[in-house]
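What follows is a short report on a single structure.
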Amino acid sequence: MAPQLPPQPAYILHSRPYRDSSLILELLTPEYGRVGCVARGARRDKQRRAQSLQPFSPLLVTLLGRGDLKTLGPVESAGSALWLKGRAVYAGLYANELLVRLLAAGEAQYEIFAGYQRLLQALEQLDGSDTQQLEGPLRRFELQLLYQLGNCPQLSYCAHSQGPVSTGTQYRLESETGFIPVYRQGDARQPGGVFRRGTAGTGTGVAGWRIRTGIADQRQASHPSPAGAIAGRKAPAEP
């Protein structure tokens with residue numbers, strides 16, 4: 001008999017068809033992190049799939065097997081499904097994709113699991129009519145994800161001045177250096193030798209980063225980077 005793991009809280013991050021009637025699911029759990037499993041007969045049992053095997057629904061799952069790809073056992077609801085609306089749905093799916101791509105399988109992720117729950121709860125409160133509503137919850141989740149994975153840059157440090165960042169200045173994130181100030185052409189504050197080619201708001205800088213209203217995105221990247229969401233943002237005001 002295949003070994004059975006203790007029941008785990010879980011969210012479904014991704015699903016895809018498997019054979020004639022099953023699904024392969026990517027789950028997020030606190031104790032085992034990202035886990036792949038087979039939900040046998042889930043496509044045939046439409047009622048089961050409609051009621052429980054949906055994204056953003058808190059579940060209590062039992063997993064069977066020793067290998068990396070488990071078998072999904074009994075599934076119970078662990079609370080009311082979170083109904084995201086409008087653009088908030090796409091924000092939730094974006095977070096799911098980040099987790100599938102960035103998390104190693106089988107590693108405990110207690111803090112990330114809790115942060116994901118907070119993100120969904122925040123997104124549920126939005127009407128989803130404006131993308132600006134999504135900025136706060138998504139940026140907080142991205143920063144927590146970077147921090148937990150050990151890839152979060154020093155947000156208060158300027159690599160050029162080798163001192164703290166300045167309130168009101170825009171910065172560009174270089175992956176191997178850190179935050180570098182970006183000035184408009186002809187800006188009186190621009191000291192000699194500082195990055196000049198980029199123009200805040202419209203220009204293109206070295207390493208392919210485009211500064212646009214405080215958000216930098218890599219022009220040639222094939223997938224969104226969570227680090228890109230924080231690059232180029234204005235430094236927060238000091239309390």
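Step through the residues of the stretch 133-145 one at a time and calculate ³J(HN,Hα) from phi using the Karplus curve (6.51 cos²θ - 1.76 cosθ + 1.60, θ = phi - 60°), rounding each to whole Hz and writing x for Gly and Pro.
Per-residue couplings from phi come out as 4, 7, 4, x, x, 5, 5, 5, 5, 4, 5, 5, 4 Hz.
Can you send over the solvent-accessible area of Asp127, 1.4 Å probe, protein chains only, in Å² to the nearest 10?
My reading of the accessible area for Asp127 is about 90 Å².
Based on the alpha-carbon gyration tensor of the stretch 114-168 and its eigenvalue square roots a ≥ b ≥ c, which shape applies: rounded if a/c is under 1.5, prolate if not and a/b is larger than b/c, or oblate? Before the final figure, lay out the partial values.
Numbers: a/c = 4.30, a/b = 1.79, b/c = 2.40.
Since a/c reaches 1.5 but b/c is at least a/b, the shape of the stretch 114-168 is classed as oblate.
At 1.4 Å probe size, with every protein chain present, just tell me what the per residue accessible area of the stretch 29-181 comes to in Å².
Working: 8170 Å² over 153 residues.
Heavy-atom accessible area per residue stands at 53 Å².
Take the eigenvalues of the Cα gyration tensor for the stretch 103-145, scale each by 5, and report the square roots as semi-axes in whole Å, largest first. Don't jump to the answer; show the numbers that get you there.
Working: eigenvalues 110, 21, 12 Å².
Ellipsoid half-lengths, sorted descending, are 23, 10, 8 Å.
Could you state how much accessible area Thr71 has, in square angstrom rounded to the nearest 10, with a 1.4 Å probe and all protein chains kept in place?
Roughly 40 Å² of Thr71 is accessible to a 1.4 Å probe.
Could you go through the stretch 14-29 in sequence order and give the Karplus-derived ³J(HN,Hα) for each residue, using 6.51 cos²θ - 1.76 cosθ + 1.60 with θ = phi - 60°, rounded to whole Hz, and x for Gly and Pro?
7, 9, 8, x, 9, 6, 7, 9, 10, 10, 9, 10, 9, 10, 10, 10
How much length, in nm to one decimal, is gained on full extension between Ala114 and Ser21, taken as 0.36 nm per residue of separation minus their Cα-Cα distance? Mind showing how you got there, number by number?
Details: separation 93, 0.36 × 93 = 33.48 nm, distance 3.23 nm.
Residue separation times 0.36 nm, minus the Cα-Cα distance, leaves 30.2 nm.
State the percent of C-alpha pairs, over all pairs in the stretch 31-123, separated by a distance greater than 21 angstrom.
37 percent
In whole Hz, with x marking every Gly and Pro, tabulate ³J(HN,Hα) for the stretch 116-124 from phi via Karplus 6.51 cos²θ - 1.76 cosθ + 1.60, θ = phi - 60°.
Running phi through 6.51 cos²θ - 1.76 cosθ + 1.60 with θ = phi - 60° gives 5, 4, 5, 4, 4, 5, 5, 5, 5 Hz.
Provide the net charge surrounding Gly128, with neighbours chosen by a C-beta distance below 12 Å and charges set as Lys +1, Arg +1, Asp -1, Glu -1.
On the way: positive: Lys85, Arg87; negative: Glu124, Asp127, Asp130.
Once positives and negatives cancel, what remains is -1.
The values are calculated or read from the model by the stated rules, or taken from the named source; none is laboratory data. Remember, predicted model here, so these are calculated numbers, not experimental data. With ideal geometry, Cβ positions are generated from the backbone for all residues, glycine too; neighbour counts draw on all protein chains shown. Just so you know, the surface numbers come from the protein's heavy atoms only, side chains and all, with ligands and any DNA or RNA stripped out. Shrake-Rupley method; radii C 1.70, N 1.55, O 1.52, S 1.80 Å.
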